[in-house]
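One structure below.
The values are calculated or read from the model by the stated rules, or taken from the named source; none is laboratory data. Predicted, not measured: the structure shown is a model, and the values here were computed from it.
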Amino acid sequence: MKTITATDAQASLSKLIEQVNKDNKIIEIINETDRVVIMSREHYEGLQETLYLLSQSGFKSEKEADQGYTDSFEHVLVSLSSSHFPRT
């Protein structure tokens, strides 16, 4: 990630906006005490969508399965029968 000072960013803000949108890169802007990043709106919206999807329980389950975190069929049946469905 490219890092520039706030003074340099202020002097070339229009150019930075064009660069960020063209290259789809993130630029860090710093001053004496703080740090921020500038990114394209498209990149930001993509990150927001990813965060939303990762917060959905079904998507988490798929991700966990892709990473090898699975339960046996028998374990799932026992869990379902003991905690989710009343016995008749």
Looking only at the range 42-58, decide whether some residue is at pLDDT below 70 and of a type outside the set (Phe, Trp, Tyr). yes
Restricting to the range 1-42, what's the tally of residues that are polar (S, T, N, Q) and in a loop (DSSP other than H, G, I, E, B)? 5
